[in-house]
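Written out below as structure tokens is the structure these notes cover.
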Amino acid sequence: MPIHNVGVLVETDASWGRNVLRGVASYAEKFGPWNLLVETHHSFINWAVPATWRVDGLIARISTPLHLQRLQSLKVPIVDVGDLFLGAEGIDSVVTDFDTWADMAMEHFRSKGFVNFAYYAPPSRDYSNLRGEAFAAAVEQLGLVCHRYRPGYRIGREISPDEHRRRVTRWLRQLPQPVAVLAADALRGKDLAEVCGQAGLTVPDEIAVLAGDSDELTCEICMPPLSSIEVASRRIGYEAAARLAGHLARGSSPSGCLRVEPDRVLSRQSTDVMAIDDPLVVRALRFMRLNAYRGITVLDVLQEVPVARRQLERQFKRYLGRLPAEELRRLRLERARQLLTETELSMDEVAEASGYAGSTQLGSAFRKAFQLTPLSYRRRAQLD
């Protein structure tokens, strides 16, 4: 069996690119052998395949039209792991499912009681408009408004740091508050939190910030630490390698796109707030978040909060868009997903720690919510 030379062109200055590379390497180790040729980049203006490479196929994050043209001229199978050139001729793609990404962000924000939403993404070659469009659609589906940052200049134009800060500050001060802001990625989330600090706007009380991906270092050194969406970048790399292997076996380079769902929202201090002006709802939510994993029911919540069940249900619908029983179920399932991802607990132990009577009950609720079994979810998460 021939050993294929596979080139990988992804930036590795953040967790996203490093995990894509890990996913590619994992596939090559299992189903190779492949000779991986890796060229990491931090600037995308003049990306090209090194002259010394003789590649049979490529996995890349294509960032400019010139980059796309140069890669297409090689006449080898290519899988793009970026979202700027979906549908380009002869280019296959594996990207984040941004509809699910946006729904996760909205679910997280709504669980905090937010009714004001915004999207922050300065012009960049790092991402397309698909992210903002998906989030705006998720917001507008609820009959609400998504405020988008529109600085009025195109990709490639340079403005000074002071001018950038003035533009972002002016935009932030025009937003209704408190407001939940989804940033395109961790770098932009940190940027936004820093502008808020300089402008005297408090995070998360006035501006709650959620980063669109999880670069661990960037999120942890931010002040306050950034909540983030854990996109499945290692699985993206693995699936990109699997699709490239298929093209190499068939000798073809068809256009197509595989969308990979993100894993979860990792909550940190930048969204640790309740944007709810009803003290009874806040009290109920705090009780639920402390005790959901002990198997409590709505009746237990009503014993803690002196309010009629119908009134509590109306207020939950108003602020969160779901009933108290649905919020309890959401909390338990999120706990189960965390344990399946981060521990080696048995299914019975995961069920007990999540507030379920046993693995059968957990499995039924999990399949209904996510269309896969807890075991399948754990196996998929291991790719990440």
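Structure above, values below:
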| item | result |
| --- | --- |
| Test set (1) in a strand (DSSP E or B); (2) over 15 Å from the mean Cα position of the chain (by Cα); (3) within 18 Å of R150 (Cβ to Cβ) - L192 fails condition number | (1) |
| Residue within the stretch 235-254 that is in contact with a His (Cβ under 7 Å, 6 or more places away or on another chain), modelled with pLDDT of 95 or more and not assigned by TED's automatic domain parsing to the domain that holds R318 present | no |
| Spans of strands (runs of 3 or more DSSP E) in the stretch 47-123 with at least 2 residues over 17 Å from the mean Cα position of the chain (by Cα), closer than 21 Å to A240 by Cβ and of a type outside the set (K, R) | 57-60, 78-80, 91-96 |
| Among residues of the stretch 293-325, those that are within 31 Å of the chain's Cα centre (by Cα), closer than 29 Å to L144 by Cα and polar (S, T, N, Q), counted | 1 |
| Filter result (in a helix (DSSP H, G or I) and under 30 Å from D277 (Cβ atoms)) within the stretch 154-189 | V168, T169, R170, W171, L172, R173, Q174, R188, G189 |
| Residue that is surrounded by the fewest Cβ atoms within 10 Å (Cβ to Cβ) [pool: residues in the stretch 331-361 that are under 16 Å from N291 (Cα atoms) and small (G, A, S)] | A357 |
| Among residues of the stretch 326-365, those that are β-branched (V, I, T) and part of a loop (DSSP other than H, G, I, E, B), counted | 1 |
| Lone unmet requirement of (1) in a helix (DSSP H, G or I); (2) within 23 Å of L290 (Cα to Cα) for K368 | (2) |
| All positions within the stretch 247-264 that are out of contact with any strand residue (DSSP E or B) (no Cβ under 7 Å at 6 or more places or on another chain) and not in a helix (DSSP H, G or I) | G251, S252, E261 |
| Test: residue in the stretch 142-153 that is in a helix (DSSP H, G or I) and either under 28 Å from L320 (Cβ atoms) or at pLDDT 95 or above (or both) | no |
| Residues satisfying the stated conditions in the stretch 212-246, i.e. among the charged types (D, E, K, R) and part of a loop (DSSP other than H, G, I, E, B) | D213, D215 |
| Top-ranked residue in the stretch 176-189 [being crowded, with 18+ Cβ neighbours inside 10 Å and not small (G, A, S); ranked as farthest from the chain's Cα centre (by Cα)] | P178 |
| Residue check, L320 in contact with a Gly (Cβ under 8 Å, 6 or more places away or on another chain) and surrounded by 16 or more Cβ atoms within 10 Å (Cβ to Cβ) | yes |
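The values are calculated or read from the model by the stated rules, or taken from the named source; none is laboratory data. Since the model is a prediction, treat every value here as computed from it, not as a measurement. All Cβ positions, even for glycine, are placed from backbone atoms using ideal geometry, and neighbour counts span all protein chains on display.
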